[in-house]
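The values are calculated or read from the model by the stated rules, or taken from the named source; none is laboratory data. What you see is a predicted model; the values in this text were computed from it and never measured. Backbone-built Cβ (ideal geometry, glycine too); neighbour counts: all protein chains shown. Each accessible area value is taken on the protein alone, full model and side chains, heavy atoms only, with ligands, DNA and RNA left out. Shrake-Rupley method; radii C 1.70, N 1.55, O 1.52, S 1.80 Å.
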Amino acid sequence: MMYKEGLGVPQDDADAIKLYRNAAQQGISNAQYNLGVMYRKGEGVPQDDAEALKWFLEAAEQEDAKAQYTLGVIYQDGLGVPQDNAEAVKWYRKAAKQGDAKAQLKLDGMKDK
């Protein structure tokens, strides 16, 4: 995170990717989520929706609410995957059960869909 944000060190996405990947491969959900974000945005790596999805899923399966919410958005909006409201609701519910307010709002907005 320090390399990604340039906190106390020069900002360096390549170093951030390397460190996030190392931690992600060890099962650290926050690193998996952050790695997914970087692949989604193409920061320090070529933009890659499939790789982003892989890392978001890894984090979400460990009950990371941010990753679960993000998967909801990805499926609701069809970002690199076929649009699927049922899959979006599944992930929003998981995040909402953990108290994620954004997921709760998304669920409320999807009641009529």
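With a cut-off of 8 Å between alpha carbons and a minimum separation of six or more residues, what is the relative contact order of the chain in percent?
Averaging sequence separation for qualifying contacts and normalising by length gives 15 percent for the chain.
Could you tell me the center-to-center distance, by alpha carbons, between region 1-49 and region 57-113 in angstrom?
About 22 Å separates the Cα centre of region 1-49 from the one of region 57-113.
Among Ile17, Ile74, Ile28, which one shows the biggest mean-square fluctuation in a GNM of the chain, springs joining Cα atoms closer than 10 Å?
Ile28
Based on the Cβ-Cβ distance of Ala23 and Asp77, what FRET efficiency does E = 1/(1 + (r/R0)^6) give at R0 = 30 Å, to the nearest 0.05?
0.60
Taking N as the number of residues in the chain, what is its alpha-carbon radius of gyration divided by 2.2 N^0.38 Å?
Working it through for the chain, the quotient is 1.10.
Kindly report the accessible area of the chain per residue (heavy atoms of protein chains, probe 1.4 Å, no ligands, DNA or RNA), in Å².
For the chain, the solvent-accessible area averages 56 Å² per residue.
Tell me what the chain gives for mean residue ellipticity at 222 nm when only DSSP H runs of n ≥ 4 count, each as -39,500 (n - 2.57), the sum divided by the residue total, rounded to 500 deg cm²/dmol.
-20500 deg cm²/dmol
Determine the alpha carbon to alpha carbon distance for each of Lys66/Lys90; Lys18/Lys41; Lys66/Lys97; Lys41/Lys111 and list only those over 18 Å.
Violating the 18 Å limit, Cα to Cα: Lys41/Lys111.
For the chain, give the percent of accessible area contributed by carbon and sulfur heavy atoms, probe 1.4 Å, rounded to a whole number.
The computed percentage sits at 50.
Given the protein chains as shown and a 1.4 Å probe, how many square angstrom of Asp12 are accessible, to the nearest 10?
Estimated to the nearest 10 Å², Asp12 gives 50 Å².
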